[in-house]
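J.: Below is a structure I'd like to ask you about.
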Amino acid sequence: MIFPGSPRLLLAGPIAAAVLASAGQPAGAACTPRPLARQEAIAALRLVPDAVLARRERATLAVSSWRPGPIQTGHLYWSFMLMREPPDHTLLENGLIGYFSVDRRTARVTDVNSNAVESAALDRYRRRMLRTHCLGR
């Protein structure tokens, strides 16, 4: 006989879905928002369309931290310079793909002109980060 609480209790149906969805979280635990880490921001940069193209061309990507100006925005954004090696297929043949910032609170990627960078892969990654970090709620 299997009793409730027994490790061999099998669940099925909507109850199982609810239990499995909350696995790893205490019952009634609230999701606490936390900003993106630097490595997660770099992972987003790898999904910028020009970076995807560079990887398809078997180029190596390099990411360097970048400080966009005198205003201290480090608590809001991760800012990077994205380069490729070999440098061909870039505007000045110098390897520069662009300067980008990743919003720590929304996972949104913008270019140096504050234009949002859009792609399906970036949207999927952003939605995953929003869920993982309890952002945008």
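All of the numbers you see were taken from the coordinates with simple rules; none came from a lab. It should be emphasised that the depicted structure is a prediction, and the values quoted were computed from it without experimental measurement. Cβ: placed from backbone, ideal geometry, glycine included. Neighbour counts: every protein chain shown.
J.: Based on other C-beta atoms within 10 Å, arrange Ile97, Ile42 from fewest to most. Before the final figure, lay out each step's value.
T.: Details: Ile97 24, Ile42 17.
Placing the least packed residue first, the sequence is Ile42, Ile97.
J.: Moving on to the next point. Please list, ordered by chain and number, the residues whose modelled amide H lies under 5 Å from the amide H of Arg108; skip anything fewer than 5 residues away on the same chain.
T.: Amide H neighbours of Arg108, under 5 Å, 5+ apart: Asp103.
J.: What number comes out for the charge environment of Thr132, summing +1 per Lys or Arg and -1 per Asp or Glu over other residues with Cβ under 12 Å away? All intermediate terms of the calculation are to be shown ahead of the outcome.
T.: On the way: positive: Arg34, Arg126, Arg127, Arg128, Arg131; negative: Glu40.
Once positives and negatives cancel, what remains is +4.
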